[in-house]
1. Amide H of Leu30: which non-local residues (sequence gap of 5 or more, or other chain) have their own amide H closer than 5 Å, using H built in the peptide plane?
2. Label Glu115 and Lys174 with points 7 Å out from Cα along Cα→Cβ: what is the distance between them in nm?
3. For Phe35, enumerate residues with amide H under 5 Å from its amide H, sequence gap 5+ or separate chain, H modeled in the peptide plane.
4. Report, ordered by chain and residue number, the aspartates and glutamates lying within cross-link reach of Lys21, taken as a straight Cα distance under 13 Å and ignoring same-chain residues fewer than 8 apart.
5. What translational diffusion coefficient, in µm²/s and rounded to a whole number, does the Stokes-Einstein relation yield for the chain at 37 °C and a viscosity of 0.692 mPa s, taking the hydrodynamic radius as the Kirkwood radius over Cα pairs?
6. Set the bar at 21 Å for Cα to Cα. Now go through Lys106/Lys164; Lys112/Lys164; Lys70/Lys169; Lys70/Lys164; Lys164/Lys188; Lys70/Lys192 and name every pair that lies beyond it.
7. If R₀ is 22 angstrom, what is the calculated FRET efficiency for the pair Arg24 and Thr108, using the beta carbon separation as r and rounding to 0.05?
8. What distance in nm separates the simple spin-label points at Asp191 and Gln43, each placed 7 Å from Cα in the Cβ direction?
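Rule-based calculations on the coordinates, nothing more; no lab input. These numbers come from a predicted model, not from an experiment. Cβ atoms come from the backbone with ideal geometry, glycine included; neighbour counts cover every protein chain shown.
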Amino acid sequence: MNSIAVCIVEDMDDIRSGLEKIIREAPDLLLLGSFRSSEEAIQEIPRLQPDVVVMDINLPGMNGIECIGKLAGQCRHTQFTMFTIYENNEAVFDALAAGASGYLLKNTPPAKIVEALHELHSGGSPMSAHIARKVVASFKKNTASNAAGVLSPREQEVLEALAKGLLYKEIAAKLGISTGTVRQHIHKIYDKLHVQNRTEALNRVYGKH
């Protein structure tokens with residue numbers, strides 16, 4: 001298995017050093033770069049084209065959500081996860097809308113961070129448990145107005161599982177269906193919601209309208 005190439009954007013020296021240590025000690029992660037600001041990241045990350053970027057929100061100058069918005073178009077194969085102390089709904093949905101696929105709190109244990117980076121690279125949407133509950137609560141609140149009559153009950157179940165950050169094989173096991181069937185459901189969800197990917201689908205249902 002090839003190493004997953006990772007970049008960090010974090011202005012706090014102790015937190016950035018801690019993340020660097022976690023990534024360097026993981027045998028299948030490769031640290032490509034570590035930056036203190038959005039401005040540095042925008043200068044270097046398009047050249048590096050990492051698999052994954054771990055992004056703080058509260059950065060000096062341009063914030064992390066804006067930075068992802070700038071980078072996403074230049075790094076089409078890069079997955080972004082927020083790494084932050086903020087757990088309010090607005091920050092979560094703004095991050096998803098900008099192009100983030102994961103949302104982790106800074107108190108996440110090191111082993112969980114490594115696991116989350118693997119999930120992100122494999123197509124999952126890793127989120128801290130508390131954040132996932134917020135997203136699911138929003139799903140339950142908004143589904144009636146946003147998805148009722150558009151998605152079938154099974155498709156709503158699949159989308160809710162995606163929002164929890166489950167991988168395709170985990171969704172298949174949870175719902176008692178094959179991974180191929182999961183992929184078919186997801187393809188239909190994208191078609192019905194007129195979106196191209198998971199992030200757009202989640203934002204269409206959970207985000208601001």
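1. Ile4, Ala5, Val6
2. Output for this residue pair reads 1.4 nm.
3. For Phe35, the qualifying residues are Ile8, Val9, Glu10.
4. Here the aspartates and glutamates satisfying the reach criterion relative to Lys21 are Asp13.
5. Working: Rh = 17.3 Å.
Roughly 190 µm²/s, to the nearest whole number.
6. On the way: Lys106/Lys164 18 Å; Lys112/Lys164 15 Å; Lys70/Lys169 32 Å; Lys70/Lys164 26 Å; Lys164/Lys188 19 Å; Lys70/Lys192 28 Å.
The pairs that break the limit, which is 21 Å between Cα atoms, are Lys70/Lys169; Lys70/Lys164; Lys70/Lys192.
7. Values: r = 18 Å, r/R0 = 0.80.
Efficiency at R0 = 22 Å is approximately 0.80.
8. 4.8 nm
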